[in-house]
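This report concerns only the one structure given below.
Taken together, the values in this text are just the output of simple stated rules run on the coordinates, not laboratory data. Just so we're clear, the structure is a prediction, and the values are computed from it rather than from any experiment. A quick note on method: Cβ atoms are made from the backbone with ideal geometry, for glycine too, and the neighbour counts reach across all protein chains shown.
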């Protein structure tokens with residue numbers, strides 16, 4: 001019995017549509033990351049990018065539990081001594097609501113050479129309109145996991 005290893009030519013990519021307003025940020029992020037990686041496919045191979053395209057809509061209606069809008073802090077560093085900067089989630093959402101979703105999904109992906117290609121297949125929109133109707137994306141319900 002031979003072990004199957006996918007080849008880049010064997011990969012069939014689908015399009016999925018995920019609504020960010022139907023579940024908390026972490027739950028949406030884990031499901032989207034799983035779709036981008038391709039973990040739900042039987043042909044999954046770690047060193048081949050088997051993932052699908054994912055469209056995330058309603059990023060501005062993001063759901064978080066508890067007091068995370070005030071307590072969740074995003075940090076960055078300028079590169080200079082004492083140059084750490086911080087912003088709470090509500091300020092990040094006020095400036096660009098897609099950034100919070102992007103950072104959450106990026107943090108769920110493995111850190112390797114495939115991460116940038118996987119993130120290139122992620123499309124995030126603030127409203128419910130997107131320009132990918134021609135690709136006929138399948139609805140993916142985060143609540144059901146399907």
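In deg cm²/dmol and to the nearest 500, what is the mean residue ellipticity at 222 nm of the chain if only DSSP H runs of at least 4 residues count, each as -39500 (n - 2.57), divided by the residue total? Provide the component values of the computation, followed by the final result.
Values: 5 runs with 42 residues, N = 146.
The helix-only estimate for the chain comes to -8000 deg cm²/dmol at 222 nm.
Between helix 97-108 and the chain there is an angle of about 50 degrees, using the helix long axis and the longest principal axis of the Cα atoms.
Between rounded, prolate and oblate, where does region 30-91 land on the alpha carbon gyration tensor, with a ≥ b ≥ c its root eigenvalues, rounded for a/c under 1.5, else prolate if a/b exceeds b/c?
Working: a/c = 3.28, a/b = 1.66, b/c = 1.97.
It is oblate, given that a/c is not under 1.5 and a/b is not larger than b/c.
For the chain, give me the percentage of DSSP beta bridges that are antiparallel, rounded to the nearest 5 percent. It would help to have the intermediate numbers written out before the result.
Working: 5 of 17 bridges.
The antiparallel proportion sits near 30 percent.
Peptides 74-81, 101-108, 5-12, 134-141 ordered by packing proxy, namely the average of other Cβ atoms within 10 Å per residue, highest first: 101-108, 134-141, 5-12, 74-81. Based on the alpha-carbon gyration tensor of region 63-134 and its eigenvalue square roots a ≥ b ≥ c, which shape applies: rounded if a/c is under 1.5, prolate if not and a/b is larger than b/c, or oblate? Judged from the Cα gyration tensor, region 63-134 comes out oblate (a/c at least 1.5, b/c at or above a/b).
For the chain, the longest principal axis of the Cα atoms and the long axis of helix 25-37 meet at an angle of about 30 degrees. So, in Å, what gap is there between the alpha-carbon centers of region 86-109 and region 121-143? So the two Cα centres are separated by 19 Å.
For the chain, how big is Rg over Rh, using alpha carbon atoms and the Kirkwood form of Rh?
Working: Rg = 16.8 Å, Rh = 16.5 Å.
Taking Rh as the inverse mean 1/r over Cα pairs, Rg/Rh reads 1.02.
Choose one answer from 26, 38, 66: the residue with the largest mean-square fluctuation in a GNM of the chain with alpha-carbon springs under 10 Å. The residue that fluctuates most here is 66.
Averaged across orientations, what area in nm² does the convex hull of the alpha carbons in region 7-55 project? Before the final figure, lay out the partial values.
Details: hull surface 13.8 nm².
With every direction weighted equally, the projected area is 3.5 nm².
Comparing mean-square fluctuations of 28, 63, 111 from a GNM of the chain with C-alpha springs under 10 Å, the top value falls on 111.
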